Every structure is written in structure tokens, then in C-alpha cells.
1. Say whether the condition of being basic (Lys, Arg), exposed (fewer than 10 other Cβ atoms within 10 Å of the Cβ) and at pLDDT 85 or above is met by at least one residue in the range 80-87.
Amino acid sequence: MTKKQNGPGDYPIGYAKPPKHTQYKKGQSGNPSGKSKKAASTEAKLKKLLKGEIAVNKSGTHVTMTQEDVMLQALVNKAMKGDLAAIKYINETTGADMSDLPTQPTYTLTAADFEVMNSRGEWLALVEKATAEQALTQNEGGEDDPGDTN
């Protein structure tokens, strides 16, 4: 079997040796359109958005912060206002152990406190009794019940 010669030169044409005029030129890609890029995931898009910077007013001065930082600051502010879900999230995320924080001492009731509660209870009983008696006298007297709209 004879090898073909392609014009000038001794370049043998055959298996794994294409003719010079069909070979790729230097700097030319074998796949000019290239592999298509994979679509960005939602997670990647979200991360990119959170890295975006915005100007905020912090303590009277304009500061540039990332959107992620602004969200975290809002979360901390909610936790400081007593939002239990925000407090729980921060504790779980940071691994903070709340058991080592000092707790407020429990309040013990004194005899004076019990006297006040008893007098308040007696007062409420008197008010309920008076209200019930007034309702009975109004119904017996033929007057309409003030709560009756008919």
C-alpha cells in the first residue's frame, strides 16, 4: 500500500496523519463554539446577590455593606428585641451555650404580696356580685338589657 503525497514535501498522509490543508491552524480551536456553560444554580445566584453592596445609614453615617451583612444585622436587631426564633437561630448558628449566662433570681412572694392578691380577689368577687345583682334588678323592672340590641 502506498502513501499519498500531498503536494510539495514528504508528508505522508494516512492513519492519524490528515492532509495539511484539513488540519487545524495554529491558535484555532477544534471546537470553536465550545462546551456550553452550565446554568448557574439558585444557590450560586443567591450567593452572588448577597455579596452585592448597598449603602445604609448606620448611626447617622452612610456605610457600604454587603446585603448579607445587612440581613445579619437585621437578624441581630430582631433577637435584641426578643424575637425567640431569631435568638434560637443565632444560638444554633454560633453554637452559643446559653446555660452559662447568669439568670435572674426567681422572685419569692412575701406575706404582703399574698395580702394584696387576696384583697384583689375579694374586690373582683364584690364587683361580679354587684354586676349580677344589677342585671337582675334591671330584668325584673322591665327595663331592656343594655347588652340587648333587639
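The values are calculated or read from the model by the stated rules, or taken from the named source; none is laboratory data. Since the structure is predicted, the reported quantities are computational estimates derived from the model, not experimental observations. Glycine also receives a Cβ, built like all others from the backbone with ideal geometry; neighbour counts cover every protein chain displayed. In case anyone asks, the SASA skips ligands and DNA or RNA and just uses the protein heavy atoms, side chains included. Shrake-Rupley method; radii C 1.70, N 1.55, O 1.52, S 1.80 Å.
1. yes
Yes/no matrix, rows are residues, columns are (1) of a type in the set (Val, Ile, Thr); (2) open to solvent by 100 Å² or more (accessible area, probe 1.4 Å); (3) within 16 Å of the chain's Cα centre (by Cα); (4) at pLDDT below 90:
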residue: 12; (1), (2), (3), (4): no, no, no, yes
residue: 18; (1), (2), (3), (4): no, no, no, yes
residue: 53; (1), (2), (3), (4): no, yes, no, no
residue: 74; (1), (2), (3), (4): no, no, yes, no
residue: 94; (1), (2), (3), (4): yes, no, yes, yes
